[in-house]
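S.K.: First, the structure itself, so that you have it in front of you.
The values are calculated or read from the model by the stated rules, or taken from the named source; none is laboratory data. Just so it is clear, the model here is predicted, and its values are computed rather than measured. Because the Cβ atoms are built from the backbone with ideal geometry, glycine has one as well, and the counts that use them run over all protein chains shown. Quick note on the areas: whole protein, heavy atoms, side chains included, nothing else; ligands and nucleic acids left out. Shrake-Rupley method; radii C 1.70, N 1.55, O 1.52, S 1.80 Å.
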Amino acid sequence: MEIELTKRQLDILEIVKKEKTITGEKIAKIIGITRSALRTDLQVLTKLGYLDSKTKVGYVISQSLKSYNKDDIGKKIVSDVMSGAVIIDEKESLHSAIIKIFLEDVGSIFVTGEKGLSGVISRKDLVKAMMGGTDLNSVPVSMIMTRMPNIVYISEDTSVSDAVQKLIIHEIDALPVTKTDKDIISVIGRFTKTNATKLFAEIIY
Ligand code: ADP
C-alpha cells in the first residue's frame, strides 16, 4: 500500500537528503516550526521506513528508501524530468543562434521549419562555422545544422533508460522531445545529459 506523504513530510525528506545527517532541531529550524510540532512527522517518516533515527546523530535517509528510489527511477518517463524546449527558426542567422545559446544557457538548440523539427545546432557546429570564416550575420542556421532525417528524437512517454541510452549511443548532449500531429513534429521539451546526471544523483545521494 502506498501512503501519500504531506508537503511538509516531503520537505523534510528533501532536507535530510541534502544534509545527509541532521538533527530534529535543525530540521525544525529550517522549516520554521518548533521541534515538538515536527515530532509527529518525524515519527511517521521513521515508521514508514523513509528515515532512520540515530541516537545523538540525528536523522538519515534510510537504506530502504535508497533502493526504493532506484526502482522508481527505472520507471520514470521523459516527461517526468525533461527541460523546456529551446528552439530557433531555420531562417534565423548563426549570430542569433549564438546569442540564444548564451541567453538560454544551453549547449544546443533545436531548429524548426514549416514541418516542425528540422535540425539541431550545437556549440561545436557554431565554433566550426566560425573557424571556417562563415559570415555569422548572413548565413542562416539551416546551412550548417545537423538536419532531418539524421535527428535523433524521442517522445514524452519514452522511458528515461531508453533516452539515456540514445544520448550515449549517438554521442550527443541533448534530445528533442516531440509530439507529432498530421506530419508536423512539434518540439515540446528537451532531454539532456544534465537531466540524466540529476537522476544519477538521486540514486547515489
Ligand atoms: P557539441 O557539438 O557542442 O559537443 P553535441 O555533442 O550535442 O554538442 O553534438 C554533436 C553533434 O551532433 C553536432 O554536430 C550536433 O549538431 C549533432 N547533434 C546534436 N544533437 C543531436 C540529435 N538529437 N540528433 C542528431 N544529431 C545531433
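S.K.: Of all the residues that make up segment 187-205, how many are without any contact (Cβ under 8 Å) to a residue 24 or more places away in the chain and open to solvent by 60 Å² or more (accessible area, probe 1.4 Å)?
M.R.: Count: 3.
S.K.: Another question, if that's okay. What do you reckon, is Ser62 closer than 30 Å to Asp162 by Cα and away from the ligand (no atom under 16 Å from the Cβ)?
M.R.: For Ser62, the condition - closer than 30 Å to Asp162 by Cα and away from the ligand (no atom under 16 Å from the Cβ) - is met.
S.K.: Only strands (runs of 3 or more DSSP E) wholly contained in segment 82-186 count here; list those with 1 or more residues that are surrounded by 12 or more Cβ atoms within 10 Å (Cβ to Cβ), of a type outside the set (S, T, N, Q) and within 9 Å of the ligand (Cβ to nearest atom). Spell out the reasoning first.
M.R.: Working: elements: 87-89, 108-113, 116-122, 174-181.
In segment 82-186, 108-113, 116-122, 174-181 are the strands (runs of 3 or more DSSP E) which contain 1 or more residues that are surrounded by 12 or more Cβ atoms within 10 Å (Cβ to Cβ), of a type outside the set (S, T, N, Q) and within 9 Å of the ligand (Cβ to nearest atom).
S.K.: Can you name every residue in segment 18-59 that is modelled with pLDDT under 90 and open to solvent by less than 90 Å² (accessible area, probe 1.4 Å)?
M.R.: Of everything in segment 18-59, those that are modelled with pLDDT under 90 and open to solvent by less than 90 Å² (accessible area, probe 1.4 Å) turn out to be Leu48, Gly49, Tyr50, Val57.
S.K.: Then there is this: Quick one: is Gln9 modelled with pLDDT of 90 or more and exposed (fewer than 14 other Cβ atoms within 10 Å of the Cβ)? Before you say what the answer is, go through the steps one by one.
M.R.: Working: modelled with pLDDT of 90 or more: yes; exposed (fewer than 14 other Cβ atoms within 10 Å of the Cβ): no.
So Gln9 fails the test.
S.K.: Which of the numbered conditions does Lys193 fail, given that it passes all the others? Conditions: (1) closer than 23 Å to Lys75 by Cβ; (2) touching a strand residue (DSSP E or B) at 6+ places or on another chain (Cβ under 7 Å); (3) among the basic types (Lys, Arg).
M.R.: Here Lys193 meets the rest and fails (2).
S.K.: Would you please list the contacts, defined by Cβ atoms under 8 Å and residues six or more apart or on different chains, that run from a residue in segment 136-152 that is under 17 Å from Lys124 (Cα atoms) and at pLDDT 95 or above to a residue that is more than 10 Å from the ligand (Cβ to nearest atom) and of a type in the set (Asp, Glu)?
M.R.: Pairs found: Pro140/Glu90; Pro140/Glu92; Val141/Asp89; Val141/Glu90; Val141/Glu92; Ser142/Glu90; Met145/Glu90.
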